[in-house]
Structure formats: structure tokens, C-alpha cells
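Right, one structure below, let's go through it.
The values are calculated or read from the model by the stated rules, or taken from the named source; none is laboratory data. Small disclaimer: the values here were computed from a predicted structure and weren't measured. Note that we place each Cβ from the backbone using ideal geometry, even for glycine, and neighbour counts take in every protein chain shown.
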Amino acid sequence: MTRGAGMDAHSASPVTIALAGQPNVGKSTVFNMLTGLSQHVGNWPGKTVEKKVGDVRFGKLCERLVDLPGTYSLTADSEEERIARDFILRERPQAALVIVNAAALERGLYLVAELLMLPIPLVIGLNMTDVAERHGVHVDTAKLQRALGVPIVGIVATKNRGLDELLATVERVVEDPAVFAPHRPALAPRHEAELRRIRAVLAGRLPERYPEEWVALKLLEGDREIIDLVRAAVPDAWETVEALLMQHEDACLDIAGSRYRWVGRMVHAAVTRPHAGAVTLTDRIDRVATHPLWGLLLVLVLFGLVFWLTYTIAGPVVQWLNGLISGPLTDAAESALAGAPGWVSGLLIDGLLAGVGTVLTFVPILVIFFAVLGTVEDVGYMARAAYVMDRYMHWMGLHGKSVLPFMAGFGCNVPAVMGTRIIEDRRSRLLTILLVPLVPCTARLAVLALLAPAFFGARAALVSWSLVAGNLLLLLLVGMAVNRGFFHGERTALIMEIPLYHVPDPRTIGLYVWRNLVAFVKRAGSIIVIISIVIWALSSFPGDDPQQSLLADVARLLTPVGALMGLGDWRLITALLSGFAAKETTVATLGILFPPDGSGTGLPERVAAALTPAAGLAFLVVMMTFIPCAAVVAATRQETGSWRWTAASVSLMLAVSLLAGTLVYQIGSRL
């Protein structure tokens, strides 16, 4: 039997399987293991939450696996929760595969308790059984299955253990739903009677996709979205329903309590825990990782390690690619286009090859960045970093949850802005969105990693680490100022889960790196191509001399401002402005405006030759703090719902970058 292969034209019509689970349970690893590269990544219709769909063939079953957003419950308090439950209600998949962490069974079973109330058979994948065993937690899968009445398969997704059995179980449930006979949580008798009354009022009057018992239960829970649904669907009966609800306002507490009692019985029946006082490996590591001082130093060392790896491993490859593009490839292109019109050779060589070709030299750098970030996330350290940084977030009136979007910002600021949805408080969310652009994304870090060695030689890693630390210090200072100036110094508290450590999965990390690289290359093939052509065209009009071009005339208008930062060269101003399209375009623009001179000198060295050390440092400072790219601006407008807040974000970054660049140059040039 095979799995992970895409569907061909002759395959049977695939059944749809929903993949559900809480964050940090290994759901992404299961998805990647089952689907391999047969994945389609996009957004849910009308949403900005990522949607992943993969195809898998197993035996007679052709499955389309839909990875639902990770969520702790289905109460529709967040976009992710709404998407997860709406997909099950509206699309009616043939089954749901629920991934549960064996080492944190209680939390996973609470989500199972909610899913059991939806009209869909479940199969539970009990993941991380090896991690649980190492921490002294033993789950008797057979007893748990009998207690739940739900098929359960113990798996270790990172080692591809148990996944074939898991798929076979899903196939059995899809072919014979009668094998799914769950023991659902029961309400207290007084609320059970109320549930029946509400259901009787709603009988036959709801949209077909909404089960009456589930809707009645959600009304008792006080679910605002379902209340609005019933008001619209059965307005003449709402007064009766509302009167019944008012008589049992404490029902929501009983429902939650009944689920916790149900979870407690399941765990008591099947789980054996270590004796009290036992010290696990996670406890030992967390003595350092979550320590107020050592934990902070560990975060800083981690970023230092990223830069060291980048310069040690990726640096030589980047230099080789630079030499290849500016040397043999350029020479070959010039020979091939020797008889072509000047504008054709200029467009292809000075525009596309110099621009996009230079950006592609980022690939080795991005491989290192994404590999490290993927490893840190997969091993379970990200939550520790959020915990350690929580006390510093409070200085800005935020809490540790804001660290999660900030961490995502090191990959890309766009999902970081969208990731602020996990923050319930609007004030904290707005403040986090304003500060996210101060987190250097991989594009800015890649520009830094490319140029810093040419500017500072052996000190490049130290300078790069200092610039990243400087961005984080600016984030702290600006956050404190904005919070006190606009939000009157308010503060919020943090409640979050700290997962157990586990061995990272190379396949999961590899797919994470691959998907991000593919997204980057696609970006280079679209927006960067367009910007490169525009920059080349503007720098070539009305003649061939860029110094006399329309682009130079516009950029020179801004050189008085640039001169305050040592950036009196119009080409540097142009490169910074082009970063509004995409930060990678900064290097593409430099590649066009600092063309090869025939000496074989790489682009970083050609740029460095035009700057003093103080001006070079100021250029990097401005690049690291300049206005966000267009995609981030669009995401900010979408998430805040306000052009006023969007303009505030752009204005704040512009002011910070100009002030920081001016101070660095004016002080540095006098030392």
C-alpha cells in the first residue's frame, strides 16, 4: 500500500478527511508525513488564515486531507475556531482525524469532547507516545478506546510509526461509520431537560447543515455566533428560546464542568503518571530556558548562532553565486545578445539578470534561517521564548502572546501581522501590529547578511547581531512610548501552554524550508521581476547614462535627507525606496544601479566602495527599520480595518528609521 502520492486522473473521487488538533501536538508533522510534497497551500475563502490541503492514497481509499487551523476549542472566540467548526458543519467531511498529545492528554481530550458533538465520525491519533514514555506518562490505548468508544491509534509521527495503521483505521471508519460509537459527555439532569426543550422549539426550523442538538447546546453555552444564527433563522421563536436561556444562565459552567469531569474519567481509566516529585528532562532544561536571566541570554545566543551559521556555511556559497552571476553568466549573456538591440540586452542583462539573479543569491542564506527557525519551533522552544519575554512585554503593556507574532516576524512580517489574531484584547493587538515591522524579517536579515561582510569584514557577525539586538531594543523603547502616549500605560496578562520538548523531525523541517523557499522564488519571479524592470527602465530613460536618468532626478530630490545619514548617493536612496515593493528588491535595485564593472568584483564590494564605514552602518540601520513593504501595509490595513492605523504604522517606521540612521552616521563619523 502506498501513501503520500498525488491523485491521478483515474483515481476514485477522494473522500475528505479533516485533520484537527490543538497547537503543539505534532499535527503539522502528521500532515507532512502523510501528504509529502502533495500539498496545496493557500488561504481559506475570504480569510487570511493559511489553508493546507494534501492528497494521500492508501489501499482502496483516496483521501483529501484538509489541515484545520490548530485550536484549543470550538467556541468560535477566534477566526481559527470558527474556520475549524464551520468546515466540519458546512463541508461535512467523511471523517475527522484528531491528533492528541499523549503527554498532555487532558487538553487534547477537551477538544475531542467538543468534536464529538458534531455530526462526524472521529479517529484519534495519539501522538508523541515516545515523549510521554520518556517523561514517565503511560497511556493504555486499549482502555482509553473502550472508555471513549472512539477508534484510537498510538503514533510517533516524527518516526513515521503507526501512520499506516492510522490510515487503515480511518479507511475502516469511512467505509463503516457504525464502528464509531462514542460515549459523549452528559449534562447535569436539570440542564439536560432544558436542552430537550430548546431542541423541540428549533425542530425542523434550522438550516440543514446545523444539527439541532448541537445548536441547542451552543445556545446554552452562550455562543454569540449561534445566538445570532438562531435569531435570524427562527425570529418568531427567539423570544421563547431566550426565556428558556435566561432561566439557566449558569448552564455554560455546567457544560464546561461536565466536559472536564468526562475528561477526568477518561484519563483516570487509561493514564499512569510518574510518582510525585519526579524531575523530568523538560524540567531540567527549563531551569535554564525559562530562567529570567539565563533564558534571556539563551534567546540572544540563539540569534547569534543563526548569524554565525549563516556566515560560516552560507557565506562562501553566496560569494560563489555572486561571482557566477557578475562574471560568467553576465559574459555569456553579453555574448549571446551581442547582435540584439541595446534596449533588449540592457533589459535582460542589467534589468533581469542583475536584479533577480542577485536576489537568488539569498537562497543559501534563507535555507539557514528557515532551517534554524523550523528546528526551534519543532523542538518546542518557541513557547519558552514567549514565556521568557513576557516580563519585557509587560513594559510595553503587552504580554507574552505578543512574542509569538514577533517570532513569526523573523520569517515574514505579513503572517506576523495576521498572527496578532491570537491576542484577544484589541488595544494589545493594535500595539503589537504597530511594532511588528520593527522585527527584522528574513528578507531584511538576508540583505544584512549579504552586505555586512563587505562593509565590516571579520566583524560582520558581531555587527549583524548588534543590529538585530538594536531593532529589538527599539521595539521595546518605541512600544513603551506608544503605550504610554496612546494607550495610557495599560497592561494585560498571559495564559499559555508550555509543551514538552521533543526531538525535531528532519522531514518536517525540510518541508518547512522547501515551502518557504518556493514562496520566496515565486515572489522573485513576480513582484521582483516587475520592480527590476521598472527600476531599469527609469534608470535608462531618457538616455543610457543612469546618472542622467529620470530615476536619478527623482532620487536626487531626497538626497539632502539622505546626506544627514551619509547617503548622499541617489542610488542608495532609490534602493531603500524600492524596498517598499519587497525588501528583497533592495538588493535587486542595487544590482541594477551598481552594475558589474568587468573586474569580477561582487555586488557587496561594489556597494561598500561607495560608502564610508559610518555611512555603511547607517545604511544597514535604515534598511533594518525602514517603512514596511507593501504586503505588510496591506495586511495592516486588513487587520486593523483602518487607514488611520495603517498610516500611523508607516509614519512611525519612517520617523524611527530616519532618526536612527541620522544618529548612527553623525555619531559614527565623529569617532
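Within the span defined as the range 610-617, every residue fails to be surrounded by fewer than 22 Cβ atoms within 10 Å (Cβ to Cβ), without any contact (Cβ under 8 Å) to a residue 24 or more places away in the chain, assigned to a loop (DSSP other than H, G, I, E, B) and out of contact with any helix residue (DSSP H, G or I) (no Cβ under 8 Å at 6 or more places or on another chain). Within the range 565-584, residues that are assigned by TED's automatic domain parsing to the domain that holds Val439 and among the acidic types (Asp, Glu) reach partners that are surrounded by fewer than 24 Cβ atoms within 10 Å (Cβ to Cβ) and part of a loop (DSSP other than H, G, I, E, B) with beta carbons closer than 9 Å, at six or more positions or on different chains, in the pairs Asp569/Ala610; Asp569/Leu611.
Per this entry, Ile198 is not counted among residues that are crowded, with 21+ Cβ neighbours inside 10 Å, on the phi < 0 side of the Ramachandran plot and in contact with a strand residue (DSSP E or B) (Cβ under 8 Å, 6 or more places away or on another chain).
Checking the stated criteria, Gly591 turns out to be closer than 16 Å to Ile530 by Cβ, touching a Gly at 6+ places or on another chain (Cβ under 9 Å) and part of a helix (DSSP H, G or I).
Taken as a whole, the structure places His183 among residues that are surrounded by fewer than 16 Cβ atoms within 10 Å (Cβ to Cβ) and within 20 Å of Val98 (Cα to Cα).
Any residue in the range 165-185 that is closer than 20 Å to Glu114 by Cα and of a type in the set (Asp, Glu)? No, the range 165-185 contains no residue that is closer than 20 Å to Glu114 by Cα and of a type in the set (Asp, Glu).
When you check Arg209 against the structure, is it charged (D, E, K, R), at pLDDT 90 or above and under 35 Å from the mean Cα position of the chain (by Cα), yes or no? Here the answer is no, as Arg209 does not meet what is asked. Remark: pairs (first residue in the range 172-201, touching a residue at least 60 places away in the same chain (Cβ under 8 Å); second residue acidic (Asp, Glu); Cβ separation under 6 Å; 6+ apart in sequence or on different chains) = Ala188/Asp254; His191/Asp254. Pairs are defined by a Cβ separation below 7 Å, a sequence spacing of at least 6 or placement on different chains, a first member in the range 54-68 that is in contact (Cβ under 8 Å) with a residue 60 or more places away in the chain and assigned to a strand (DSSP E or B), and a second member that is polar (S, T, N, Q) and surrounded by 21 or more Cβ atoms within 10 Å (Cβ to Cβ); the pairs so defined are Val56/Thr35. Would you mind stating whether Val174 is in the same structural domain as Cys62 (by TED's automatic domain parsing), surrounded by 14 or more Cβ atoms within 10 Å (Cβ to Cβ) and either among the small types (Gly, Ala, Ser) or not in a helix (DSSP H, G or I) (or both)? In short, no.
The residues of the range 104-162 that are part of a loop (DSSP other than H, G, I, E, B) and of a type in the set (A, V, I, L, M), listed by number, are Leu116, Met117, Leu118, Ile120, Met128, Val137, Val150, Ile155. Please go through the range 128-161 and give me each residue that is more than 28 Å from the chain's Cα centre (by Cα) and on the phi > 0 side of the Ramachandran plot, ordered by number. Across the range 128-161, the qualifying residues are Gly136, Gly149.
Report yes if Leu360 is at pLDDT below 75 and within 16 Å of the chain's Cα centre (by Cα), otherwise no. Answer is no for this residue. When Thr330, Thr282 are screened for being modelled with pLDDT under 85, farther than 25 Å from Ala186 by Cα, of a type in the set (S, T, N, Q) and not assigned by TED's automatic domain parsing to the domain that holds Leu462, only Thr282 passes.
Flag not set for Asn322, criterion: at pLDDT 80 or above, surrounded by 17 or more Cβ atoms within 10 Å (Cβ to Cβ), within 27 Å of Leu538 (Cβ to Cβ) and not hydrophobic (A, V, I, L, M, F, W, C). Residues in the range 345-357 that are surrounded by fewer than 23 Cβ atoms within 10 Å (Cβ to Cβ) and among the small types (Gly, Ala, Ser) were compared, and the one that is modelled with the highest pLDDT is Ser345.
Just one residue in the set Ala233, Ala237, Ala251 is under 26 Å from Phe87 (Cα atoms), small (Gly, Ala, Ser) and in contact (Cβ under 8 Å) with a residue 24 or more places away in the chain; that residue is Ala233.
Taken over the range 577-588, the criterion of being part of a helix (DSSP H, G or I) and surrounded by fewer than 24 Cβ atoms within 10 Å (Cβ to Cβ) is satisfied by Leu577 alone. Between Gly222, Gly154, Gly149, the distinction of being assigned by TED's automatic domain parsing to the domain that holds Ser28 and surrounded by fewer than 18 Cβ atoms within 10 Å (Cβ to Cβ) belongs to Gly149 only.
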